[in-house]
Structure formats: C-alpha cells, structure tokens
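Trainee: The structure is given below, and queries will be raised subsequently.
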Amino acid sequence: MRHVRYASMWWVGLVVAVGLGVAQAQTPRAPLTSIDQKLDAVQTAVDGSALPRFQDNSDGTITDRQTGFMWVKLDNAGGPLDKDTVRNWNDAITTWLDQVNSLNKTNASNDADGSRVSFAGGYTDWRLPTIVELQTILDTSVPGCGVSPFTTPCVDPVFDTNCTAGCTNTALNPANACSCTAASGYWSTATDAKDPSGAWDVDFLDGDVDFTFKNFSLRVRAVRFGR
C-alpha cells in the first residue's frame, strides 16, 4: 500500500501549492494610481532608481513621461522661442507656429560660433496646447508661485532653469542652456463656447485659467505628442 501513501502525499502537496497560490493571488496590493507611478516602479525594479517625470532632451525640447507630451523649451534669446514673445490668438495658431515648425539647425537664431542656438528639436508638428494640456505643467507648489513680487512662474523647475539674459535653449555644453517661463498668461487653443471672440489661457503667475479676447497679445508655448 506504499503507492497509496505516496499518492496521498502528492495530492496533499498539490492542494497546499494551489492554496498558497490562491492566497497570494488574493493578497491585496496598493494600486499604482498614475502612469508616472507605474513608470517609476518599473525603473526602480530595473536599476533601483526612479526616473523624474520630466526629461530635458538637450535639443530644445522637454518630454513629460507621465502624459507623453513633448514641449518646446523657451529661452531668453529674443527669437520666436523667447519666453516674452507675445502674439494675439490668431497669430499664435498660424504665423508663430509656422516659425517654430521651420526652426532647424541652420536657420535657428545662434551665436557666431554656432555653440548656442534656439532650437525646437527639428520637429515640424508643433501646435498650440489645449487648455487641459497646458494645465498639466502647472505646479502651484513651487516656492514663490503667486507671491509678491510675482516673478516666479508656477511651473516645474525644468521649465524655469538658468534663465538669464540672452540665454538659449540648447548649447554644446547642456549645462549652459536655459529653460524659461514667464509668470504670465499663455494661450491655449480653447475658444470660449459662449463668446468666440475670446479664448482661454493659463496664467503661470498664480495658476488661474482666464478668459482673454483673441485680439489681445499673450505669451505662447508649443507642444506635440511624442517621447
């Protein structure tokens, strides 16, 4: 009857194994509630470190790993990508975007030696962001946001770094490049549903969403989808 005993032991082992598997499957785990958390968890599992949400691509663009959007870095060099460049709404979605989409290494504004240029990554599908997209880069927790003298933009520091007079958004030495944002209103594509003579903008002075008539001039920032 020894074979019966062995069969019984095998059956008990199978039941125990299945039971443990069920118990493990039923063990609740804390959910990862955002794409950013999932990406961080994957990276931590790979090399023990967490990727930051925003990545400076060193080509005049910034990638948001959480949303998948790519943003043009603004600078302080006086060209179309200057943080203080202003356009009325119609010019923003036409003339200004044409300028940004035509920027390349040869026609970008640059120093005589070509070491510093205002560049937009060489992409040609830049557009004005929607109001929701523009709000995704707001950060009202930044020290100085909405506080006198109202010069600190309410945005992640990757969009406001080394912003000095004349700086460009790329450089041979990436440490010499800048990223700028004005503490002011930036246009979105959103026309007001009740009054089509106006559109919505995000004010990086305090994080508010405002209505502005389209013939007024506000600052501009471009976005595209791509990692």
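Values quoted throughout were computed directly from the atomic coordinates according to the rules given, and no laboratory measurement underlies them. The structure presented is a predicted model; accordingly, all values stated were derived computationally and were not measured. Cβ coordinates were reconstructed from backbone atoms using ideal geometry, including for glycine residues, and neighbour counts include every protein chain displayed.
Trainee: Using bins 5 angstrom wide from zero, how does P(r) for region 54-225 break down, in % of all Cα pairs?
Mentor: P(r) over region 54-225, rounded to whole percents: 1, 10, 18, 22, 22, 15, 8, 3, 1, 0, 0.
Trainee: Once both labels are modelled 7 Å past Cα along the beta-carbon direction, what's the S197-A50 spacing in nm?
Mentor: Simple spin-label model gives 4.9 nm for this pair.
Trainee: While we're on this one: Highest first, please rank the peptides 137-143, 95-101 by the mean number of other Cβ atoms sitting within 10 Å of their residues. Each step should come with its number before you reach the end.
Mentor: Values: 137-143: 15.3, 95-101: 17.1.
Averaged packing, sorted descending, gives the order 95-101, 137-143.
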